[in-house]
Amino acid sequence: MPMPAAEIERLIKQGIPDAKVTIEDLRGDGDHYAARVESTAFKGKSRVQQHQLVYRALGGRMGGELHALQLTTAAPE
Amino acid sequence: MSEPAVFNRIREEIAENPVTVFMKGSPIFPQCGFSAAVVGVLTHMNVKFKGIDVLSDQDIREGIKAFSNWPTIPQLYVKGEFVGGCDIVREMYQSGELQKLLKDKGVPFAEP
């Protein structure tokens, strides 16, 4: 089921307040997104842990409602 | 709370196989683009791996998500350790981190 990009961004920011989120709708179908998330919360964490924080913010939608979200995470330099 | 019985099966698989991919479909016929991408990276690097088709086993399909606290398939394990899903594998390959990880873990690979 499609999910608007703004909703994805809202959920991520709700879970990770200082997150800088950029979302691209890869096919313009509201179903295949690429998100880049930058946050100080990622400092010192492995990529797996960083993605887990984003998934937790998305509250179980990843893999369900949100089928295809390419994720890139980074801590600010 | 006791853990699901399938966790032991997962532990056995990732202990037995130095490189394991939990995926949709088989390495020859992946049933999903993300699974195909991970298979593609490993094949490109000539890494020997075992693909476990979660579509043919509902217990594993749900169990692996809980086991690794990771909501999506595919999932790559190297020497018993969860490495990541499709995005992380691709990113690590491009940055050379995957090559380093395999080398550090003593897993043979050959880049063309």
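Every read-out reported here was derived from the displayed coordinates using simple, explicitly stated rules and does not represent laboratory data. Here the structure is a predicted model, which means the values were calculated and not measured. No Cβ is skipped: glycine too gets one built from the backbone with ideal geometry, and neighbour counts run over all protein chains shown.
Beyond a 29 Å Cα-Cα separation, which of these cross-linked pairs lie in this structure: A:Lys20/B:Lys105; A:Lys13/A:Lys45; B:Lys65/B:Lys105; B:Lys24/B:Lys105?
On the way: A:Lys20/B:Lys105 34 Å; A:Lys13/A:Lys45 18 Å; B:Lys65/B:Lys105 24 Å; B:Lys24/B:Lys105 26 Å.
The pairs that break the limit, which is 29 Å between Cα atoms, are A:Lys20/B:Lys105.
Considering only Cα atoms, the convex hull volume of chain A works out to 74 Å³ per residue. Taking 15 Å as the straight-line reach from the Cα of B:Lys79, the aspartates and glutamates in range (excluding those fewer than 8 positions away in the same chain) are B:Glu12, B:Glu13, B:Glu16, B:Asp104. Translational diffusion coefficient of the protein assembly as shown (Stokes-Einstein, Kirkwood radius from Cα pairs, 10 °C, 1.306 mPa s): 92 µm²/s. Sequence-distant contacts, meaning Cα pairs under 8 Å at least 6 residues apart, place the relative contact order of chain B at 32 percent. Compared with the direct C-alpha span, the chain from B:Arg11 to B:Lys48 gains 11.4 nm at full extension, assuming 0.36 nm per residue. Counting Lys and Arg as +1 and Asp and Glu as -1 over every other residue whose Cβ lies under 10 Å from the Cβ of B:Ile88, the net charge comes to -1. Rounded to two decimals, the Cα radius of gyration of chain B over 2.2 N^0.38 Å is 1.01.
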